[in-house]
Amino acid sequence: MVCTNFEKFGILYYFRELSSMESERYHRHLENCSECKDLIGELQFLEDTYRSEITLQPQAEVVEEVLFKANKFVENKWKKRFGFVRNPRTSIRPLAFGALGLLIVMAGAFFWFKKEISNRQTSKEVLTWQDSLDDSFDSIQLKIDQIKYYPQKKLLPSEFELASDNVTLDNRLSEIKFAVESLILDLESKSF
Amino acid sequence: MIESNFLAQKTSDSNGNSIEMNSKGQKPDAELFHAYLKGDVQAFTLLFKKYQSPIYGFIYQMVEDRAVANDLFQETFFRMIQKGAQYREVGSFRAWLFKLANGICIDFLRKRTRERKLFQPVQTTESVNGRHSNLDLESSPELELISNEETKLLWRALRQLPVEQRQVFLLRLESNLTFKEIASILHRPLNTTLSQMRYAILNLRKQLKEEV
């Protein structure tokens, strides 16, 4: 019959896995328990015998193989991540795809930028043309007004101008006709 | 023939070394292993040198065949490398490595038992629980190299132990893991593990007395 304390505490005591309090308690038990003392001695004998003579070692080739593969594994791991930079076999495809992707992105960006600039220029031109068109309309309106109010002898600044310049009505009408025609030509030439 | 490097004279570097190394301010195992995974091969060499002997000793005593032990030893380290990413610093690195070695050994022993049952049902040398006949043990060439008769007897007795008891005994002596860690590796309660250790001691004592 084996003392039950050996299984619970004795083995842990021998391998120094008990807390200091438990260890002390078992140490006191050990002084009075010859069974536990014997088993602890037995355990000591087994450990000493097991460790006494030799250490088992793997074959030298096995050791070399493991170290070689460990080295290879790390190399391959880094090659997988960054191999395309230096490995000529794997470099073509990712590099080609990368370059193509970059080209597409750059072309897209270029066309978008160009279109944006062109849009801005067009809107600026439209505004300028609108201004000149307004001027043309004003000028035509002025000329029509001069013709309209001249016979009624109303005081208009243009009436004075008209009188002093000795511009005949026919001349004025032909001027209006010319202004309207140029305006039409101008309108036809613009295409936005 | 057995090469000279197989059996080297025992010095104090089997179990106490790791504690000594850490107290000397060397990097802990987990840190070395992470360094290796980041590409430092030197770190692996340090780890390997530290563990090659206890891991091989454990595997050899479990499978009792040198060629198989070499294969399983290799496999343990390959698996350690491959499963490196899965390693979490929850337990000690030592416990994790021995868990791998133990798993590989158990897989092999199961396979061998199955095969022997299938192909050599009458001449089997290993029963389901892993005990061996004396015939098989006498043919072991490694035993012949041991000069100490007591060690020889202990090795023989170890081979007669059921696998569960041998596992606990070897894990405690080779790996220097605590019983709590061993219980965790083997997925057994601590009390069961301690009980198996007690049975191992009693069985070894009985065997040795019988032999003497």
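The values are calculated or read from the model by the stated rules, or taken from the named source; none is laboratory data. These numbers come from a predicted model, not from an experiment. Glycine gets a Cβ as well: all are built from the backbone with ideal geometry, and neighbour counts include every protein chain shown.
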- Message: Of everything in segment A:24-46, what is closer than 14 Å to A:E7 by Cα and either among the hydroxyl-bearing types (S, T, Y) or away from chain B (no Cβ under 11 Å) (or both)? Give them in sequence order.
- Response: A:Y26, A:H29, A:L30, A:C33, A:E35, A:C36, A:K37
- Residues of segment A:1-54 being surrounded by 16 or more Cβ atoms within 10 Å (Cβ to Cβ), touching a residue at least 24 places away in the same chain (Cβ under 8 Å), under 19 Å from B:M197 (Cα atoms) and not hydroxyl-bearing (S, T, Y), which ones? A:C3, A:N5, A:F6, A:G10, A:I11, A:C36, A:L39, A:I40, A:L43
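Looking at B:Q61, B:Q74 in this structure, which one is more than 30 Å from A:N76 (Cβ to Cβ), crowded, with 17+ Cβ neighbours inside 10 Å and at pLDDT 85 or above?
B:Q61
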- Task: Could you tell me which numbered condition A:E53 fails, if it satisfies all but one of (1) more than 7 Å from every other protein chain (Cβ to nearest Cβ); (2) at pLDDT below 90?
- Result: (1)
- Could you tell me which numbered condition B:T11 fails, if it satisfies all but one of (1) within 10 Å of another protein chain (Cβ to nearest Cβ); (2) modelled with pLDDT of 85 or more? (2)
- Residue ID - farthest from A:K8 (Cα to Cα), chosen from residues in segment B:166-212 that are among the basic types (K, R) and more than 8 Å from chain A (Cβ to nearest Cβ): B:K209
